[in-house]
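The values are calculated or read from the model by the stated rules, or taken from the named source; none is laboratory data. Predicted, not measured: the structure shown is a model, and the values here were computed from it. Here the Cβ positions follow ideal geometry from the backbone for every residue, glycine too, while neighbour counts run over all protein chains shown.
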Amino acid sequence: MNKTNVIVKNTAVIFAARIITSFLSFAATFYIARKFGVEDYGKYALALSFVALFTWLGDLGVDMFLTREVAKDKKSLKSILGNVLAMKMFLAGMLFGLVFLSVNLMGYPELTRSLVYVACASMILTIYANSFLSSFRAFEKMEYEGLSLILAKLLSSVMVFALIFLKKSLLWMMWAQVMGSVLLFLSSLFFLRSKFTPPSLKIEFVLWRKFIAGGLPFALTYFLVMVYFKIDSVMLSKMVGDGAVGAYNAAYNLVFAFMIISSAIVSSLFPAIAFNYSKDKEYSQRILSGGLKYSLILSLPFALGGTFLAEKVIFFIYGPQYSASILALKMVIWVLPVLFVTNLLGNCLGAIYRQKQVLYVALVNALVNVILNLILIPRYSLYGSAAATLATELLGMGILLRLISKNFELQLGKTSMLVLAANLLPLPILFVFSSFHILAIVCIFGGVYVLSLFVFGLISFAELKKLRPARLQV
């Protein structure tokens, strides 16, 4: 199988797996939000956001480093992975200790603290499993990652629905996430042992120093990204209340439900760009250009449709109790296409050893986001947070585009205009069929949009047939 077909196969596998897991995960989350109400859902969302702020400490960016280095030298897996796992044992203890200390110092009530503790346990298991998944990516064997993710999300989602049916408390919902993380760890470990190499702990401090030097920029970048994605929930909880957190995250989660698509694209392209950049820069450039094109194709219709269908979407998924989320959704939905682009650009820079530049962008974004939230939340509550997020992402995209242009020659002006035109063509459907059920409108809009992609030459049957295109078309 040639290089392009490997990328397409991996993209298809991860895309399918992420779509399935995204559907399961967000279906469970939406059900929790609907059944427990705005206030309790706010506590649940706060716990997840709080723990996410500390996740970087349990990883220190070593998984990205693992993928990049093993992709170049497959024989190094056993040594690198063994040291990564040993290093994470120390990091996990530090992570839990810092989370425990922080949540108690901030004076949260007992239920919120308990939710945070359980969420932290789930996160630690996932951090370990991520090292196994990163190994699969390095070998470009995404099918094992996909199957592990599906099994884990299937278990946790089924448990959520069953526990709600049994009328269990909110804390039980978080324990369902722990069980999913346990299965993710065990299934990915099984595939690693049976298909690659049995992991064994190794302590080589020379390698640890190399991990920290190579991975820390990734970790700090991830931390700063989490700051400007998650700090708003923590700030809302203290400055407004759990109700605002619940309403804001109801809209926010609808946006991030689709980020799984971007993650699938990035997971497949990152190893290919890392491997080929020094050997065939032109090929890496075509990979990135193709990734950007499909990122726009897959994200813009959600932003456009979400703007006009926000009320129908919120009422259909959450119910009238979340009416405060409607305007927030109309604002944060436009973060989606920006995130698709910045996610790909940032990871591309990391793949070519420019992670310090990404760290700089993340630092600017985090500072701007915190400042904007401090100014806007007291005046506009959750809508201030939505505005701060959108402004921050636009700023970050502008900086990343400037940085990436120093390493790649991207000429996407024509492609971007064609994608925009393809999105505008089915726009009247949102008005003509406005009285229809939301699902009917989405299906009609989606069908016409796919046709418009063919009309404007953005996709072709050659690309779709058996997922074996000759090249990533730009």
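Numbers for the structure displayed
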{"item": "Hey, Ala388 part of a helix (DSSP H, G or I), under 20 Å from the mean Cα position of the chain (by Cα), more than 30 Å from Leu425 (Cβ to Cβ) and modelled with pLDDT of 90 or more or not", "result": "yes"}
{"item": "Set Ile438, Ile429: member being of a type outside the set (Ser, Thr, Tyr), in contact with a Lys or Arg (Cβ under 7 Å, 6 or more places away or on another chain) and either touching a residue at least 12 places away in the same chain (Cβ under 8 Å) or not assigned by TED's automatic domain parsing to the domain that holds Gly319 (or both)", "result": "Ile438"}
{"item": "Residue check for Met179: touching a Pro at 6+ places or on another chain (Cβ under 7 Å), surrounded by fewer than 19 Cβ atoms within 10 Å (Cβ to Cβ) and not small (Gly, Ala, Ser)", "result": "no"}
{"item": "Lone unmet requirement of (1) surrounded by fewer than 18 Cβ atoms within 10 Å (Cβ to Cβ); (2) modelled with pLDDT of 80 or more for Leu53", "result": "(1)"}
{"item": "Restricting the range 184-201 to residues that are surrounded by fewer than 19 Cβ atoms within 10 Å (Cβ to Cβ) and either closer than 22 Å to Thr21 by Cβ or in contact with a strand residue (DSSP E or B) (Cβ under 6 Å, 6 or more places away or on another chain) (or both), the residue that is modelled with the lowest pLDDT", "result": "Lys195"}
{"item": "Failed condition for Glu282, given (1) under 24 Å from Ala440 (Cα atoms); (2) free of Cβ contacts under 8 Å to residues at least 40 places away in the same chain", "result": "(1)"}
{"item": "Any hit, the range 405-415, residues being crowded, with 18+ Cβ neighbours inside 10 Å, at negative phi and either at pLDDT below 90 or not in a helix (DSSP H, G or I) (or both)", "result": "yes"}
{"item": "Residue in the range 301-308 that is closer than 30 Å to Ser434 by Cα, among the aliphatic types (A, V, I, L, M) and part of a helix (DSSP H, G or I) present", "result": "yes"}
{"item": "Matching residues, the range 421-445, being assigned to a helix (DSSP H, G or I) and exposed (fewer than 14 other Cβ atoms within 10 Å of the Cβ)", "result": "Ala421, Leu424, Phe431, Val432, Leu439, Ala440, Cys443"}
{"item": "Yes/no for Ala391 being aliphatic (A, V, I, L, M) and in contact (Cβ under 8 Å) with a residue 40 or more places away in the chain", "result": "no"}
{"item": "Criterion violated by Gly350 - all others in (1) touching a residue at least 24 places away in the same chain (Cβ under 8 Å); (2) closer than 21 Å to Met239 by Cα; (3) of a type outside the set (A, V, I, L, M, F, W, C); (4) surrounded by 19 or more Cβ atoms within 10 Å (Cβ to Cβ) satisfied", "result": "(2)"}
{"item": "Scope the range 304-330; condition farther than 20 Å from Ala33 by Cα and surrounded by 20 or more Cβ atoms within 10 Å (Cβ to Cβ); matching residues", "result": "Leu304, Gly305"}
{"item": "All positions within the range 293-329 that are of a type in the set (Ser, Thr, Tyr) and farther than 19 Å from Val419 by Cα", "result": "Tyr318, Tyr322, Ser323, Ser325"}
{"item": "Whichever residue in the range 212-226 is in contact with a Leu (Cβ under 7 Å, 6 or more places away or on another chain) and surrounded by fewer than 22 Cβ atoms within 10 Å (Cβ to Cβ) and, among such residues, is farthest from Gln355 (Cα to Cα)", "result": "Met226"}
{"item": "Residue check for Gly396: small (Gly, Ala, Ser), part of a helix (DSSP H, G or I) and more than 30 Å from Pro271 (Cβ to Cβ)", "result": "no"}
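Here is a yes/no grid of residues against (1) within 30 Å of Leu151 (Cα to Cα); (2) under 18 Å from the mean Cα position of the chain (by Cα); (3) modelled with pLDDT under 90:
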site: Leu98; (1), (2), (3): no, no, no
site: Asn104; (1), (2), (3): no, no, no
site: Tyr108; (1), (2), (3): no, no, no
site: Arg113; (1), (2), (3): yes, no, no
site: Ile124; (1), (2), (3): yes, yes, no
site: Arg137; (1), (2), (3): yes, yes, yes
